[in-house]
Amino acid sequence: MIETKEKFYTAKYDRVFKEIFLKEENEDLLKEVSIKEIKKVLNIEKNSGNIHVRRKYVDVLLETDIGLVGIEINSSVKDYLHVRNLAYHCDTYAHYTETGEYYREDIYIIQINLTYGIKNDEEIMRVYEVQDKKLKKFVENFQIIEYNMDKVMEYWYTKDEKKIKEYLYLILLDLGKEELEEVAKKSLEVGKYMKDLEKVNEDPIFREFMTKEEDERKIRNTELYAAREEEKIEIAKNLLGELSIEKISEVTGLEIEEIKKLES
């Protein structure tokens with residue numbers, strides 16, 4: 001009989017993150033991964049009053065002493081990721097600046113992106129603002145901060161003790177059970193986080209939800225893959241007789257044997 005290891009969901013998944021960090025008793029943990037000056041957690045649903053606009057959801061939206069701070073957990077990189085997250089951030093900015101009797105720039109509107117899967121970027125953190133080529137800012141209070149979480153996790157894998165201490169609470173977000181046990185021996189706060197994470201993973205309703213969500217995502221990916229393959233085949237058919245099989249293979253990504261079958 002083959003034993004299968006049950007999946008352990010870490011807080012790199014937005015659902016897990018919210019289950020743990022939005023608990024009132026875990027505000028101290030939330031401060032460690034975002035900003036110290038939290039006043040309260042706000043409603044995360046945007047545009048809820050406009051039926052003509054697709055509803056937007058930010059993972060976490062905080063009211064702080066310096067302004068509004070949104071947190072987005074991106075467990076993977078998609079082509080549309082920055083466009084989507086900018087839409088969320090602009091919606092928050094517009095909603096805030098259109099409220100009240102005057103416009104003000106002394107309150108910051110900040111989005112923190114914790115993003116996994118960024119490739120070919122050695123920067124651990126990038127700060128984006130609205131400015132021209134000479135770095136003159138269009139507005140002072142709009143900012144997006146993106147952490148390259150794969151670079152953060154490298155500190156754990158290379159056992160860089162100084163950096164692990166500096167980025168500990170970001171590193172915790174994607175540590176497995178055994179790794180958390182290792183860290184928890186040295187930190188009571190980590191032990192607290194670990195217990196909550198274990199509770200989430202033991203909750204049958206939560207696990208059923210996560211499994212269903214993963215299944216739906218795989219179905220969507222499969223359908224997209226099938227559609228792309230069909231599109232490649234149609235392109236290859238149209239190119240037969242105009243280009244060599246080798247060139248068609250190069251253009252479409254189809255195997256030469258697949259293209260040969262289309263000739264019959």
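Results for (1) at pLDDT below 95; (2) farther than 19 Å from GLU72 by Cα; (3) surrounded by fewer than 19 Cβ atoms within 10 Å (Cβ to Cβ); (4) not polar (S, T, N, Q), shown as yes or no for each residue.
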residue: ILE112; (1), (2), (3), (4): yes, no, no, yes
residue: GLU123; (1), (2), (3), (4): yes, no, yes, yes
residue: LEU172; (1), (2), (3), (4): yes, no, no, yes
residue: LEU180; (1), (2), (3), (4): yes, yes, no, yes
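Among what's in the stretch 68-85 and is among the hydroxyl-bearing types (Ser, Thr, Tyr) and within 9 Å of the chain's Cα centre (by Cα), pick the residue that is surrounded by the most Cβ atoms within 10 Å (Cβ to Cβ).
So the residue we want is SER75.
Please specify each residue of the stretch 152-168 satisfying the condition of being among the hydroxyl-bearing types (Ser, Thr, Tyr) and buried (at least 16 other Cβ atoms within 10 Å of the Cβ).
Residues satisfying the conditions are TYR155, TYR167.
Answer yes or no as to whether ILE219 is surrounded by 10 or more Cβ atoms within 10 Å (Cβ to Cβ), among the β-branched types (Val, Ile, Thr) and modelled with pLDDT of 85 or more.
For ILE219, the condition - surrounded by 10 or more Cβ atoms within 10 Å (Cβ to Cβ), among the β-branched types (Val, Ile, Thr) and modelled with pLDDT of 85 or more - is not met.
Do we have ASN113 as under 22 Å from GLU166 (Cβ atoms) and within 12 Å of the chain's Cα centre (by Cα) here?
yes
For a quick check of your reading of the model, give me the residue pairs whose first member lies in the stretch 78-97 and is over 19 Å from THR64 (Cβ atoms), whose second is surrounded by 13 or more Cβ atoms within 10 Å (Cβ to Cβ) and among the small types (Gly, Ala, Ser), with beta-carbon atoms closer than 8 Å and at least 6 apart or on different chains.
none
I'm checking my understanding of the structure. Among residues of the stretch 21-73 that are of a type in the set (Lys, Arg) and assigned to a loop (DSSP other than H, G, I, E, B), which one is modelled with the lowest pLDDT?
Step by step, filter the stretch 21-73, then rank; the result is ARG54.
ASN201 - would you say it is at pLDDT below 85, of a type in the set (S, T, N, Q), surrounded by 10 or more Cβ atoms within 10 Å (Cβ to Cβ) and not assigned by TED's automatic domain parsing to the domain that holds ASP28?
no
Does TYR155 satisfy being over 24 Å from GLU25 (Cα atoms), of a type outside the set (D, E, K, R) and assigned by TED's automatic domain parsing to the domain that holds VAL77?
yes
List pairs: first residue in the stretch 65-77 and over 16 Å from LEU30 (Cβ atoms) and in the same structural domain as PHE21 (by TED's automatic domain parsing), second residue assigned to a strand (DSSP E or B) and among the hydroxyl-bearing types (Ser, Thr, Tyr) anywhere in the structure, Cβ distance under 8 angstrom, at least six positions apart or on different chains.
Correct list of pairs: GLY67/TYR108; ASN74/THR115; VAL77/THR115.
Cβ-Cβ below 8 Å, separation at least six or inter-chain, first residue in the stretch 131-147 and more than 30 Å from GLY117 (Cβ to Cβ), second assigned to a loop (DSSP other than H, G, I, E, B) and among the aromatic types (Phe, Trp, Tyr): which pairs?
Taking only residues 6 or more apart or on different chains, the pairs are ASP132/PHE138.
The values are calculated or read from the model by the stated rules, or taken from the named source; none is laboratory data. None of these values were measured; they are calculated from a predicted model. Glycine gets a Cβ as well: all are built from the backbone with ideal geometry, and neighbour counts include every protein chain shown.
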